[in-house]
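Q: This structure is in structure tokens; I'll ask about it shortly.
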Amino acid sequence: MKVLMVGATGKYASLVLPELKQRGATVRALVRDESKIAAAHQQGADETAIGDLSDLKSLRAAASGVEGVFHINPAFAPNEAELGVAMVEAAKASGVRKFVFSGVYHPSLSKLSNHAAKRPVEEAMYESGMDFTVLQPAMFMQNFQASWDAAIQQGRFSLPYSKLAKACYVDYRDVATVAAMALTSDELSYGTFELCAPGMVNRVELAVMMSEAIGRTIEAGESPFDQWAQAAQIPDGLRENLRVMYQDYDRYGFPGGNAIVLRTLLGREPRSLPQYFQELASRKAA
């Protein structure tokens, strides 16, 4: 099977590529320009196609001759919904049979732009006539990688919302496995699946897990949003979206944590947060 992959060189979606290759798929990576071609091949892509999610003609050309498309939206893009819908329309116009969308947990959270922007893409898929699979993953465990070094050095893990707010998580490698299953078989056709590891935890509990992984104490902290955004070098255009998101987390957390779907699809227990932190600690030690 030949698959067009959006995000083949990305931080998260790139994890889907080796899962597809393991299942015998030929992968055509969609890249924005020639500078990304080498990186796509290093990740394992067999082919590349230059295209832009805002250019429907280029997307149709990229999707020509493939059986399936894996798509993930560029989160917080001002026109995120339009970009995703364009990919669905291009795939349909090019005769693509299967479309797998890596969306988000709770796309009905209308106050959060990065959630609400996924709903029009889902709707376009449902109306496309293509064989679709919608994946709705919780917060990615891989997000912890960016703050791991600072937390270890400072002995404190801080984010700009309540340390007592509970959230649910998923290891994106498990999402990647499910995505590859959906593209290379018909087992998950016409399904919409919430993907989450078991339970919800707050930052105090996360700090305990991190402490156990490294063998010394990490404390849970809270940071004023502007101070955190400046230290993290968050671009101005993204700050307000993140401010709204963290205000929502501060009030409601990120509820979920029912793992029955992911456990059933994988045929095993999903990867856990303690396992992920142990991996991060081992990598740094090595």
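The values are calculated or read from the model by the stated rules, or taken from the named source; none is laboratory data. Just so it is clear, the model here is predicted, and its values are computed rather than measured. All Cβ positions, even for glycine, are placed from backbone atoms using ideal geometry, and neighbour counts span all protein chains on display.
Q: Given the options A231, A138, A213, A167, name the one that is more than 21 Å from the chain's Cα centre (by Cα), closer than 30 Å to G267 by Cα and among the small types (G, A, S).
A: One residue alone meets the criteria, A213.
Q: Mind listing whichever residues of region 89-121 are under 22 Å from R173 (Cα atoms) and at pLDDT 95 or above?
A: K98, F99, V100, F101, S102, G103, V104, Y105, H106, P107, H115, K118
Q: Next question. Would you point out the residue of region 88-97, among those that are in contact with a helix residue (DSSP H, G or I) (Cβ under 6 Å, 6 or more places away or on another chain) and surrounded by 19 or more Cβ atoms within 10 Å (Cβ to Cβ), that is nearest to M130 (Cα to Cα)?
A: V96
Q: Quick one: in region 120-173, which of the residues that are β-branched (V, I, T) and surrounded by 19 or more Cβ atoms within 10 Å (Cβ to Cβ) is farthest from V244 (Cα to Cα)?
A: T133
Q: On to the next question. Restricting attention to region 162-194, which residues are over 15 Å from R263 (Cβ atoms) and of a type in the set (A, V, I, L, M)?
A: Residues satisfying the conditions are L164, A165, A167, A176, A179, A180, A182, L183.
Q: Quick check on region 254-267. Is at least one of its residues at pLDDT below 95, exposed (fewer than 14 other Cβ atoms within 10 Å of the Cβ) and farther than 18 Å from A138 by Cβ?
A: no
Q: So, one more: Criterion first (small (G, A, S), within 14 Å of the chain's Cα centre (by Cα) and buried (at least 16 other Cβ atoms within 10 Å of the Cβ)) does A176 satisfy it?
A: Here the answer is yes, as A176 does meet what is asked.
Q: Kindly provide the set of residues from region 49-60 that are touching a strand residue (DSSP E or B) at 6+ places or on another chain (Cβ under 7 Å) and of a type in the set (A, V, I, L, M), ordered by number.
A: Answer for region 49-60, where residues must be touching a strand residue (DSSP E or B) at 6+ places or on another chain (Cβ under 7 Å) and of a type in the set (A, V, I, L, M): A49, I50.
Q: With of a type outside the set (A, V, I, L, M) and within 17 Å of the chain's Cα centre (by Cα) as the only criterion, which of G267, G256, G237 stands out?
A: None of the others qualify; the one that does is G256.
Q: Let me ask something else about it. Out of all the residues in region 55-87, which are of a type in the set (G, A, S) and surrounded by fewer than 23 Cβ atoms within 10 Å (Cβ to Cβ)?
A: S58, A61, S64, G65, A75, A77, A81, A86
Q: Can you find a residue that is in a strand (DSSP E or B) and in contact with a strand residue (DSSP E or B) (Cβ under 9 Å, 6 or more places away or on another chain) anywhere in region 88-97?
A: Looking for residues that are in a strand (DSSP E or B) and in contact with a strand residue (DSSP E or B) (Cβ under 9 Å, 6 or more places away or on another chain), one finds none in region 88-97, hence no.
Q: Hey, any hits in region 184-200 for a residue that's hydrophobic (A, V, I, L, M, F, W, C) and without any contact (Cβ under 8 Å) to a residue 60 or more places away in the chain?
A: Yes: region 184-200 contains one or more residues that are hydrophobic (A, V, I, L, M, F, W, C) and without any contact (Cβ under 8 Å) to a residue 60 or more places away in the chain.
Q: Taking the conditions exactly as written (within 10 Å of F70 (Cβ to Cβ), out of contact with any His (no Cβ under 7 Å at 6 or more places or on another chain) and modelled with pLDDT of 95 or more), does V31 satisfy them or not?
A: In short, no.
Q: Scan region 207-223 and report the pairs whose first residue is assigned by TED's automatic domain parsing to the domain that holds Y249 and whose second residue is among the aromatic types (F, W, Y), with Cβ atoms within less than 7 Å and a gap of 6+ or a chain change.
A: A207/F157; M209/F277; M210/F157; M210/F277; A213/F277; I218/F157; A220/F157; G221/F157
Q: On to the next question. Out of the residues in region 216-235 that are in contact with a Ser or Thr (Cβ under 8 Å, 6 or more places away or on another chain) and of a type in the set (V, I, T), which is surrounded by the fewest Cβ atoms within 10 Å (Cβ to Cβ)?
A: Out of the qualifying residues, it is T217.
Q: Further, regarding this structure: Out of all the residues in region 115-142, which are assigned to a strand (DSSP E or B) and either hydroxyl-bearing (S, T, Y) or closer than 30 Å to F277 by Cα (or both)?
A: T133, V134, L135, Q136, P137, M139, F140
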